[in-house]
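Worksheet: one structure, shown below.
The values are calculated or read from the model by the stated rules, or taken from the named source; none is laboratory data. All of these numbers come straight from a predicted model, not from anything done at the bench. Note that each Cβ is placed from the backbone with ideal geometry, even for glycine, and that neighbours are counted across all protein chains shown.
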Amino acid sequence: MGAHHPECPQRLTAINDHLIAQGLDAYFVYYDAPLATDEQLLRVHPAGHVERIRGASPELGIVHLDPDTAMNPHTWQAALRSAGAGVLAVDLVMKGEVENAFCAIRPPGHHAERSNPMGFCFFNNIAVAARHALEVHGLERVAIIDFDVHHGNGTEDAFAGDERVLMCSIFQHPFYPYCGADKPAANMCNVPLPSGSGGDEFRGAVQDLWLPRLHQFKPQMIFISAGFDGHYEDDMGGLKLLEKDYAWCTEQMRLLAAQHCGKRVVSMLEGGYVMSSLARSVGAHLRALAQL
């Protein structure tokens, strides 16, 4: 997205390097993500949104859709591949080819509203994946977990009022995108946290607010918008989470999935902009998912 932009290619390099350095890479099966099709995108976004992004793709240089969100000549394909990763992950998990999946992708997606790219996001990757599970695989109930430091306003926009989806999120508030705390829809379990909140507050929200709702809902698949910019080393926000907090939350979701939905979990990378803390946090997340 341009020089010095926090949403940079080095994010995925840092994750891959950490997995190799820790010897974790040997435990995973790797897949190349396909490009999402128009049909898959249109389950979430109207045709005008897809055409706007397609039409904005430059032949040279960088084009800004808003002050934070920019495209270069390769962004269109990268955005399609990010959304396609979730579709493939759902297919693999539903076929039983893998128990769960993590999509190491960029650009992220949870700020992309149905008709509005924003916050580094073009298409709502997690929403595209969840709709694929509902519409193609015939699931009746899916849960979306979002622990990014920023509220997943795009995911809420896609699913508010949809009784097939329960979204559980924590986020720093007040903070970008300055929404999510005021009278959310009944299927939204939004827990705003003040700046400076750490593991105790996060775990309390999960234990006291998320888990009762999730057990009552009995999802048939769990999706995770896995943003790691709430880490105390990440100056993108003001939360004070640690790797052990992400690992603990992931373990709670894995146990929930084992109880209610045949262990089916699809996790997709969202934020996380300090390379070391991002890589370590993803490593902890994957250890918990894979029970390593």
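Taking region 237-289 as the range and being touching a Gly at 6+ places or on another chain (Cβ under 9 Å), within 20 Å of Ala85 (Cβ to Cβ) and of a type in the set (A, V, I, L, M, F, W, C) as the test, the residues that pass are Val266, Met268, Leu269, Leu278, Ala279, Val282.
For region 120-141, the set of residues classified as part of a loop (DSSP other than H, G, I, E, B), touching a helix residue (DSSP H, G or I) at 6+ places or on another chain (Cβ under 8 Å) and farther than 23 Å from Pro219 by Cα consists of Phe122, Phe123, listed by residue number.
Yes or no: region 23-46 includes at least one residue that is of a type in the set (S, T, N, Q) and within 30 Å of Pro219 (Cβ to Cβ).
yes
Per the listing Pro108, Pro67, the residue uniquely closer than 23 Å to Val149 by Cα and in contact with a strand residue (DSSP E or B) (Cβ under 8 Å, 6 or more places away or on another chain) is Pro108.
Please specify each residue of region 281-292 satisfying the condition of being assigned to a helix (DSSP H, G or I) and more than 17 Å from the chain's Cα centre (by Cα). Lay out the reasoning, then the answer.
First pass over region 281-292, keeping only residues assigned to a helix (DSSP H, G or I): 281-290.
Answer for region 281-292, where residues must be assigned to a helix (DSSP H, G or I) and more than 17 Å from the chain's Cα centre (by Cα): Arg287, Ala290.
Residues that are closer than 22 Å to Ala226 by Cβ, modelled with pLDDT of 95 or more and assigned to a helix (DSSP H, G or I) do not occur anywhere in region 43-61.
Where in region 198-270 are there helices (runs of 4 or more DSSP H), lying fully within it, with 2 or more residues that are closer than 28 Å to Glu7 by Cα? Walk me through how you get there before you give the answer.
Working: elements: 199-205, 211-217, 243-260.
Filter on region 198-270 gives 199-205, 243-260.
Per the conditions (1) assigned to a helix (DSSP H, G or I); (2) buried (at least 16 other Cβ atoms within 10 Å of the Cβ), the sole criterion not satisfied by Ile105 is (1). If Phe223 meets every condition in (1) within 25 Å of Thr69 (Cα to Cα); (2) in contact with a Lys or Arg (Cβ under 7 Å, 6 or more places away or on another chain) apart from one, which number is that one? In the conditions (1) within 25 Å of Thr69 (Cα to Cα); (2) in contact with a Lys or Arg (Cβ under 7 Å, 6 or more places away or on another chain), Phe223 misses (2) alone.
Filter region 142-170 for residues that are acidic (Asp, Glu) and part of a loop (DSSP other than H, G, I, E, B); which is surrounded by the most Cβ atoms within 10 Å (Cβ to Cβ)?
Step one: list which residues in region 142-170 are acidic (Asp, Glu), which gives 146, 148, 156-157, 162-163.
Then keep just the ones that are part of a loop (DSSP other than H, G, I, E, B); that gives 148, 162-163.
Values: Asp148: 26, Asp162: 15, Glu163: 12.
By that ranking, first place goes to Asp148.
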